[in-house]
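K.L.:
One structure, as structure tokens, below. Some questions next.
The values are calculated or read from the model by the stated rules, or taken from the named source; none is laboratory data. Quick caveat: nothing in here was measured; it's all calculated off a predicted structure. When we count neighbours, we look across all protein chains shown, and the Cβ atoms used for this are built from the backbone with ideal geometry, even at glycine.
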There are 2 protein chains.
Amino acid sequence: MAASAKKASSSKKTAAPSKTTANLAIDRVSEPVEDYLKAIYDLAGKSGTASTNDVAARLNVAAASVTGMIRRLASQGLLEYERYRGVRLSETGRVVALRTIRRHRVIETYLTEVLGYPWDRVHDEAERLEHAASDELVDRMATSLGNPTSDPHGAPIPTADGQMDERRHQTLAELDIGTRARMVRVSDKNPGLLRYLAEIDLTPGTEVQVLARAPFDGPITLQVGDTEPVVGQGLAVQVLVEEVQDET
Amino acid sequence: MAASAKKASSSKKTAAPSKTTANLAIDRVSEPVEDYLKAIYDLAGKSGTASTNDVAARLNVAAASVTGMIRRLASQGLLEYERYRGVRLSETGRVVALRTIRRHRVIETYLTEVLGYPWDRVHDEAERLEHAASDELVDRMATSLGNPTSDPHGAPIPTADGQMDERRHQTLAELDIGTRARMVRVSDKNPGLLRYLAEIDLTPGTEVQVLARAPFDGPITLQVGDTEPVVGQGLAVQVLVEEVQDET
DNA sequence: TCACATTTTTAGCGGAGGCTAAAAATAAAG
DNA sequence: CTTTATTTTTAGCCTCCGCTAAAAATGTGA
Ligand SMILES: [Mn+2]
Ligand SMILES: [Mn+2]
Ligand SMILES: [Mn+2]
Ligand SMILES: [Mn+2]
């Protein structure tokens, strides 16, 4: 809960404009900065730190560019940085990242639910809109959707005050044969995969079971509804699932 | 050329990718560029040209910055420019401007009609979203609104293929006493004015009549519905109206 | 421990889009 | 037709955010 007691990141306007709650009036940052913070947020994952190279790969920029940006972000108090030692978001940085993620995911949900976008094309649109939409707009969208808790790909949506379900899930590749499970989530970054999943009806919420698994990472036979699609290991490791205990 | 390694790789792939209709596949330009083109589009108006100073004032940038940007835009073929002689949009520039204007106005309409935004706060939001929303998204919004022809402030919405109603209108200040007219349009850039207009129910579509006009630009007494608000000249010149001929 | 591989940083550069101050061109007034 | 005022451009500078090439730090395998 450290209320971002960092140093003087906010210029020299007023000492403390309004800090009633935690800290909602964080200076709005640029589009690239929001994308860096998002990338770092989810690369860091549990270890807490992200490497220069990973960030570079994720954002499709040169490693040198990442070093440069990282230095600026550190000087703004958005992250902690020690040369050669990776980077870790500060509390402020985490808040900014989570709000950007919230905007992204609410927008994706709105686009599919209300405007009829197919789930394989919302990501690119959201990747740009997330930087332009105000929190108010996003909250209006969320409200009109009934405050959904996950986006079309099953990713959890942070609440307006920055809480997010951080549960880890097993992949379809790890699922024991015969175990009943529910499809929970898949990455939103591969449109082809998403289209294929939609085709075999393997979307978040759907029940799925592994019927057979050929050795040496061979094909995996599934049961989805009353079809039995056979998928590869490459797909299975991308799909997150959750065991479902049948209640009487 | 170096910087275009990944993103703007569109440059010189094929001479003419697809030019079936007029020219719909125009390289997407930056946010500042879109704002310059919009500003020039409507400053130029009928005369066709806009001055450096006017553009600067409209965009809140220094005149020197405008000169710099103008040179770049001219070199990209978005406008025609002769030193000291003002600037005029090229056909390409006009197309880009109109599409940006379409996005802006459809977004404003969507925000008020669907998401319940008050009409005095949609402009700022649209000013940012217009650069991030794809034409597809905007077309989906337009479709779901039934393809409206004007935005919440009465400004005409260009069609997807770039047609826009360019009619000029008289202002409330010019309206003859006793003439029945319909409120048509008001600038979207002054939230206070918009709130006041909403308060006296003077919104696009509403019938209005000038009952009296005090001399020397004095107060103007209106009839709006069954109220008789008295407004100043400053307001009256901002409100565009259209005479309404009563049909039997 | 030493040599090589990998990762990261530094150095230097470029374009976009801002700025201010000064110079130049154009327009307005006497 | 000058002189002055206004408008516009130039010159020079800045920040942000990219890039490449080279140097430095860190990690690894013999
Ligand atoms: Mn996404
Ligand atoms: Mn983004
Ligand atoms: Mn507007
Ligand atoms: Mn804008």
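K.L.:
Of all residues in region B:85-108, how many are away from ligand 4 (no atom under 16 Å from the Cβ) and either touching a Ser or Thr at 6+ places or on another chain (Cβ under 9 Å) or among the hydrophobic types (A, V, I, L, M, F, W, C) (or both)?
P.N.:
So the count comes out to 6.
K.L.:
Follow-up question, since we're still on this one. Can you tell me which residue among B:Glu199, B:Glu166 is under 24 Å from B:Asp120 (Cα atoms) and modelled with pLDDT under 95?
P.N.:
Details: B:Glu199 fails: modelled with pLDDT under 95.
Of the residues listed, the single one that is under 24 Å from B:Asp120 (Cα atoms) and modelled with pLDDT under 95 is B:Glu166.
K.L.:
Checking B:His131 against (1) more than 16 Å from DNA strand D (Cβ to nearest atom); (2) under 20 Å from B:Val95 (Cα atoms), which test does it fail?
P.N.:
If we test B:His131 against (1) more than 16 Å from DNA strand D (Cβ to nearest atom); (2) under 20 Å from B:Val95 (Cα atoms), just (1) comes out false.
K.L.:
Quick check on region B:167-174. Is at least one of its residues among the basic types (Lys, Arg) and within 19 Å of B:Tyr110 (Cβ to Cβ)? Let's see the steps before the verdict.
P.N.:
First, the residues of region B:167-174 that are among the basic types (Lys, Arg): B:167-168.
Still in the list and also within 19 Å of B:Tyr110 (Cβ to Cβ): none.
Taking every residue of region B:167-174 in turn, none turns out to be among the basic types (Lys, Arg) and within 19 Å of B:Tyr110 (Cβ to Cβ).
K.L.:
Could you tell me whether region B:205-219 includes any residue that is at negative phi, loosely packed, with under 14 Cβ neighbours inside 10 Å and touching a residue at least 40 places away in the same chain (Cβ under 8 Å)?
P.N.:
No, region B:205-219 has no match at all.
K.L.:
Any idea how many residues of region B:139-155 are away from every other protein chain (no Cβ under 14 Å), free of Cβ contacts under 8 Å to residues at least 24 places away in the same chain and of a type outside the set (Ser, Thr, Tyr)?
P.N.:
Going residue by residue through region B:139-155, those that are away from every other protein chain (no Cβ under 14 Å) are B:146-155.
The next check asks that each one be free of Cβ contacts under 8 Å to residues at least 24 places away in the same chain; those that pass are B:146-147, B:149.
Pick out the ones that are also of a type outside the set (Ser, Thr, Tyr) and you get B:146-147.
The number of residues fulfilling the criteria is 2.
K.L.:
What pairs come out if I take residues in region A:160-179 that are closer than 17 Å to A:Thr149 by Cβ and pair them with residues that are of a type in the set (Asp, Glu) and not in a loop (DSSP other than H, G, I, E, B) whose C-beta lies under 8 Å away, six or more apart or interchain?
P.N.:
Matching pairs, first to second residue: A:Ala160/A:Asp135; A:Ala160/A:Asp139; A:His169/A:Glu242.
K.L.:
Pick from region B:74-101 the residues that are over 22 Å from the mean Cα position of the chain (by Cα) and outside any strand (DSSP E or B): which of them is surrounded by the most Cβ atoms within 10 Å (Cβ to Cβ)?
P.N.:
Within region B:74-101, the first condition is being over 22 Å from the mean Cα position of the chain (by Cα), and the residues that meet it are B:74-77, B:81-85.
From the residues that got through so far, the ones that are outside any strand (DSSP E or B) too are B:74-77, B:82-85.
On the way: B:Ala74: 16, B:Ser75: 10, B:Gln76: 14, B:Gly77: 11, B:Glu82: 10, B:Arg83: 8, B:Tyr84: 6, B:Arg85: 11.
Ranking the candidates gives B:Ala74 first.
K.L.:
Follow-up. For A:Leu137, are the conditions met, namely being within 16 Å of ligand 4 (Cβ to nearest atom) and in contact with a Lys or Arg (Cβ under 8 Å, 6 or more places away or on another chain)? Give the steps one after another, and end with the answer.
P.N.:
Details: within 16 Å of ligand 4 (Cβ to nearest atom): yes; in contact with a Lys or Arg (Cβ under 8 Å, 6 or more places away or on another chain): no.
Here the answer is no, as A:Leu137 does not meet what is asked.
K.L.:
What pairs can you find where one residue is in region B:50-68 and among the charged types (D, E, K, R), the other is away from ligand 1 (no atom under 16 Å from the Cβ) and assigned to a helix (DSSP H, G or I), and their Cβ atoms are less than 7 Å apart, with a gap of 6+ or different chains?
P.N.:
Going by the 7 Å Cβ cut-off, the qualifying pairs are B:Asp54/B:Leu43; B:Arg58/B:Ala39; B:Arg58/B:Leu43.
K.L.:
Would you mention how many residues in region B:103-130 are within 8 Å of another protein chain (Cβ to nearest Cβ), crowded, with 22+ Cβ neighbours inside 10 Å and either at pLDDT below 95 or closer than 20 Å to B:Leu59 by Cα (or both)?
P.N.:
1
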